[in-house]
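One structure is given here, and the rest of the page talks about it.
Just so you know, all these numbers are worked out from the coordinates, no wet-lab data involved. The shown structure was predicted, so the numbers you read here are calculated from the model rather than taken from an experiment. Here Cβ is always computed from backbone atoms with ideal geometry, including for glycine, and neighbour counts include all displayed protein chains.
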Amino acid sequence: MELSDKICVVIPAYNVADAIESVVRGASRHVSTVFVVDDGSSDATAEIAAAAGAFVMRNTENKGKGDALKKLFAAAAKAGFKAVISMDGDGQHDPKELPRFIAKHFQNPDSIIVGSRMRARENIPRARYNSMHIARFYISYAANQFIEDTQCGYRVYPLELIGKMALTQDRYVTESEILIKAGDLGRQICFIRIGAIYGQIRSHFRPILDITAITAYIISYFMYKFFVESITANKPNTYRKGNLRDKIAACKTIDLFFQFYIVFVSLILQSIFALMHALGSIFRIHNFASTRRLSHGFYRITVGSYLLPVILIIIIIEKLVSLVGLKFQYVDGFIQRHYPHLWDGRHRIFNSNHKPPT
């Protein structure tokens, strides 16, 4: 196989009949194969994608982006591809950017490569940008490295790396799960800066439900990671396929209860871990390895956790003030101040086998 034949494009698609043809045809100019999962669409998404040249699989009902990605990974691996580039079917991702992703993949074949829209802030809705900023803070922290945009679905996934993970989450949580587990395995995550296309595009992302689900999973992952790091020394990469957290997630009901319970007691657990971190510093135990390499890392995440309810209160105040015709926008600066980039431009990862990403 030529290098360009080892990578394909995969597209989860749901009710995007008006955009899917241009996405498939645009992608086909740069790769030989495009796979599409029609995720229970009520329009002609599947028929149009097939007519445009894609190999189409269909779900009879909408199961969410995570389920579609898992099916696409399996189909690409079965067809002999070594890596996939995921794109959205609604036109948010420009196929003209594909050559840059492909070139970056061949420079970093073992790494996940993520498109970053964070420098195109003027094109991103304010509330969405703020949620992206907070998600970046926590997911980067869990992944042991800075990831400029953790919410962009325009990515390159090495299938060998995907095979080292148990993908237990659904819908939009799956994409966060992959980044966290890849980083916590010690793998490098690179980024490419791309434009942000919103305009009249209708996203299927549910701001309240999906952000809640992503947040609950991140918190539950953190508490398990911190537990492992608290009782081990010099172990920043805590994930192994089939670990206890994966076993809990194998049953959806148990996992839902576990996440609810952990979120409920997370501030108490965070305080306990903060105490253990402080004692480790005093007695030189070298626990919490992922945070000891960052300046004020554990302090920052502890403060950030306690301030999450404050953000909600500020947002409510902003909404109320806007009802009387006044403009009050404080939450943006608050988020940037309390959820900073902890790596100070160094993009450190905790695996000596990989060079820092660019």
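So if we plug the beta-carbon distance of residue 110 and residue 231 into 1/(1 + (r/R0)^6) with R0 = 35 Å, what FRET efficiency do we get, rounded to 0.05? Write out the running numbers ahead of the final one.
On the way: r = 30 Å, r/R0 = 0.85.
Result of the calculation: an efficiency of 0.75.
Would you kindly calculate the mean projected area, averaged across all directions, of the convex hull enclosing the Cα atoms of segment 3-199, in square nanometres? So the mean shadow area of the Cα hull is 10.1 nm². Using only the alpha-carbon atoms, how far is helix 207-230 inclined from the longest principal axis of the chain? Give it as 0 to 90 degrees, nearest 10. Helix 207-230 and the main axis of the chain meet at about 50 degrees.
When a footprinting reagent is the concern and you count Cβ atoms within 10 Å, what order do 34, 9 take, fewest first? It would help to have the intermediate numbers written out before the result.
Working: 34 25, 9 29.
Fewest-to-most Cβ neighbours within 10 Å comes out as 34, 9.
Can you give the relative contact order of segment 210-338 as a percent, counting alpha carbon pairs under 8 Å and 6+ residues apart? Present the calculation step by step, with values, prior to reporting the outcome.
On the way: 93 pairs, mean separation 34.2, N = 129.
Rounded, it is 26 percent for segment 210-338.
Note on residue 327: lysines with a C-alpha under 17 Å away, same-chain residues under 8 apart excluded, are 319.
Given their separation in residues at 0.36 nm each and the Cα-Cα distance between them, residue 127 and residue 261 gain 45.5 nm when the chain is fully extended.
The region of the chain that goes longest without hitting one of the GluC sites (Glu not before Pro) in a DSSP loop, each with at most 11 other Cβ atoms within 10 Å, is 62-358.
Please give the FRET efficiency for residue 341 paired with residue 293, using the beta carbon to beta carbon distance and R0 = 22 Å, rounded to the nearest 0.05. Please report the intermediate quantities before stating the final value.
Values: r = 15 Å, r/R0 = 0.67.
According to the calculation, E is roughly 0.90.
Measuring between their Cα centroids, segment 91-164 and segment 236-313 lie 24 Å from each other. Look at the alpha carbon pairs under 8 Å that are at least 6 residues apart: their mean separation over the length of segment 3-199 gives a relative contact order of 24 percent.
Can you tell me the alpha carbon radius of gyration of segment 210-338 divided by the globular rule-of-thumb value 2.2 N^0.38 Å?
Values: Rg = 17.6 Å, N = 129, 2.2 N^0.38 = 13.9 Å.
After normalising by residue count via 2.2 N^0.38 Å, the value is 1.26.
Using a cutoff of 8 angstrom between alpha carbon atoms and counting only pairs six or more residues apart, the relative contact order for the chain works out to 16 percent. Farthest towards the positive end of the charge dipole of segment 210-338, among the residues 232, 321, 265, is the Cα of 232, using unit charges on the Cβ of Lys, Arg, Asp and Glu.
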